[in-house]
1. Pull up region 1-22, narrow it to residues that are exposed (fewer than 10 other Cβ atoms within 10 Å of the Cβ) and not charged (D, E, K, R), then point me to the one that is nearest to the chain's Cα centre (by Cα).
2. Taking the conditions exactly as written (under 19 Å from residue 66 (Cα atoms) and either β-branched (Val, Ile, Thr) or at pLDDT below 95 (or both)), does residue 2 satisfy them or not?
3. Restrict the check to region 23-33 and report whether at least one residue is among the charged types (D, E, K, R), surrounded by fewer than 16 Cβ atoms within 10 Å (Cβ to Cβ), modelled with pLDDT of 95 or more and in contact with a strand residue (DSSP E or B) (Cβ under 9 Å, 6 or more places away or on another chain).
Amino acid sequence: MAKLHLVFGGKVADPRVLDFTDISKLDIVGIYPDYEQAEEAWRAAAQRTVDDAEMRYVVVHLHRLLEPGDPANP
């Protein structure tokens, strides 16, 4: 199975936690086939909003959600 990764972000109430203030306004950057491409997209998105302390972008390991009990799925 491909190790899919989702990159998205949005405004947060507190920059120390991932409590998005309005999930209807999340910026969905994309889904990537490996962590390296996802990290590159994450860095680009985060860099675009570097001056906005309330914006957070994250990489979600979709493959872990699809097969949570699979020991071959680190």
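1. Only one residue tops the list, namely 17.
2. yes
3. Within region 23-33, one or more residues are among the charged types (D, E, K, R), surrounded by fewer than 16 Cβ atoms within 10 Å (Cβ to Cβ), modelled with pLDDT of 95 or more and in contact with a strand residue (DSSP E or B) (Cβ under 9 Å, 6 or more places away or on another chain).
The values are calculated or read from the model by the stated rules, or taken from the named source; none is laboratory data. No experiment lies behind these values; they were computed from the predicted model shown. Ideal geometry is used to build each Cβ from the backbone, glycine not excepted, and the neighbour counts take in all protein chains shown.
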